[in-house]
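Q: Got a structure here, written out as structure tokens. Questions coming.
The values are calculated or read from the model by the stated rules, or taken from the named source; none is laboratory data. Source: prediction; values computed, not measured. Here the Cβ positions follow ideal geometry from the backbone for every residue, glycine too, while neighbour counts run over all protein chains shown. Just the protein is used for accessible areas: all its heavy atoms, side chains included, with ligands, DNA and RNA removed. Shrake-Rupley method; radii C 1.70, N 1.55, O 1.52, S 1.80 Å.
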Amino acid sequence: MTKSNPGHYFEDFYVGMALHHATPLTVSTGDISLYRALTGARQALFSASTFAKANGYSDLPVDPLLAFHVVFGKTVPDISLNAVANLGYADGRFPNPVYPGDTLRAVSTVIGIKENSNGKTGVVYVRTLGLNQRDEEVLSYVRWVMVHKRDAASPPPETVIPDLPKAVDVTALGFARTYADWDLTLSGSPHTYRDYEIGEKINHVDGMTVEEAEHQIATRLYQNTAKVHFDGHGQKQSRFGKRLIYGGVVISIARALSFNGLANAAEIIAINGGTHAGPLFAGDTIYAWSEVLDKVELNNSVGALRLRLVAVKDQDPSAFALRSDDGKYAPGVCLDFDYWAAIPR
């Protein structure tokens, strides 16, 4: 018997399994500053308390993606310590803002399970809730992860695939904030809700090379302990032969790059889906482009854009690479991320 945590293997999961994750984390302004330094995020709502207070917040809020990564990190020791890869996301919601001083914790429920045909791995579906110190839900999402089996000879469980929405009904979220004093000069762009058209593609132009130390610091900030991101010696025997960059780093950098073209689409309010389409390694350069998939009005001053954010590595984003003729993701595509963002009308 060992006192250390070996993590759960595929055989350990079952539908209905409840997981209460360690360790609660009190988010500070230092976390916000470090997140900004590691990602280059510069949306005005999450940079200036004066701007945030003028547009529906009581103080400077925590970027929803920072809160997402913190909650995600809590789940890793129980869900994905023995993972091959995190595969995707769906049905993500951010019902309440997070502020510095809030303490976040996470609980998850297994909602689906399926053994892979190779008999060596399986896919586990979980719904995770992020709660603050008042037990208020600040975010929720579903993710599915491929996990190693402890014993390839163990019998497969009954397959259960959860029924997940293709997109969050953003009009049902009850978005209450009004962007009553949105300053287009301070926000960094003159383009608002009416300026974007469904089907429009936006090249975000800028690129960011991810260095070894930076991606590890970012992942440690979220207290994510997945072996594939840190254990360089152990990963020499892996499929790629080296450490893999946490997919959340890719999401946040691509989102930060999208400021150039979508500066006023400042607030992520829902995640419809997401796929880590290809691996990223230290030394790779991330570029990004977006497509407007849909748009709806939320209230008199705020609309929402449904955006596909695509991250590519080491290539010109103006090619708008997504899929090859065979329907598979094109070479170099790292991320396909579908989300709703609030934007002033």
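Q: Note down the accessible area of residue 195, probe 1.4 Å, to the nearest 10 Å².
A: Here the accessible area works out near 70 Å².
Q: So, one more: Rg and Dmax of region 120-250, Cα atoms, in Å?
A: 21.0, 62
Q: What is the Cα coordinate range of region 67-171 on the first, second and third principal axes, sorted by size from largest, in whole angstrom?
A: 47, 30, 19
Q: Output the Cα-based Rg and Dmax of region 79-128 in Å, rounding Rg to one decimal and Dmax to a whole number.
A: 14.7, 46
Q: Here is a follow-up. How long are the semi-axes of the equivalent ellipsoid of region 236-317, defined as square roots of 5 times the Cα gyration tensor eigenvalues? Whole Å, largest first.
A: So the three semi-axes of region 236-317 are 30, 13, 10 Å.
Q: Hey, can you list the DSSP H helices of the chain whose Cα span along the axis is 20 Å or longer and whose average Kyte-Doolittle score is at least 1.6?
A: For the chain, where a helix must reach 20 Å along its axis and average at least 1.6, there are no hits.
Q: Counting each pair of different Cα atoms once, what's the Kirkwood radius of region 1-120 in Å, rounded to one decimal?
A: Numbers: mean 1/r = 0.0596 Å⁻¹.
Over region 1-120, the inverse of the mean reciprocal pair distance is 16.8 Å.
Q: Taking the Cα atoms of region 1-72, report the difference between the largest and smallest coordinate on each principal axis, in whole Å and largest first.
A: Answer, in whole Å and largest first: 54, 26, 19 Å.
Q: Could you check how much of the accessible area of the chain is carbon and sulfur, as a whole percent, using a 1.4 Å probe?
A: The computed percentage sits at 51.
Q: Further question on the same structure: How charged is the neighbourhood of residue 32? Take every other residue with its Cβ under 14 Å from the Cβ of residue 32, and add Lys/Arg as +1 and Asp/Glu as -1.
A: Net charge around residue 32: -2.
Q: How high is the FRET efficiency between residue 238 and residue 203 when r is their beta carbon distance and R₀ equals 25 Å, given to the nearest 0.05?
A: 0.15
Q: Calculate, for region 181-285, the solvent-accessible area per residue in square angstrom, rolling a 1.4 angstrom probe over the heavy atoms of the protein chains.
A: With all protein chains present, region 181-285 gives 42 Å² per residue.
Q: If I build a Gaussian network model for the chain, linking alpha-carbon pairs within less than 10 angstrom, which residue out of 318, 154, 189 has the largest mean-square fluctuation?
A: Ranking 318, 154, 189 by mean-square fluctuation puts 154 first.
Q: Give 3/74; 3/227; 114/295; 120/313; 74/201; 53/74 a once-over and call out the pairs whose C-alpha atoms are over 27 Å from each other.
A: Distance filter (> 27 Å) returns 114/295; 120/313; 74/201; 53/74.
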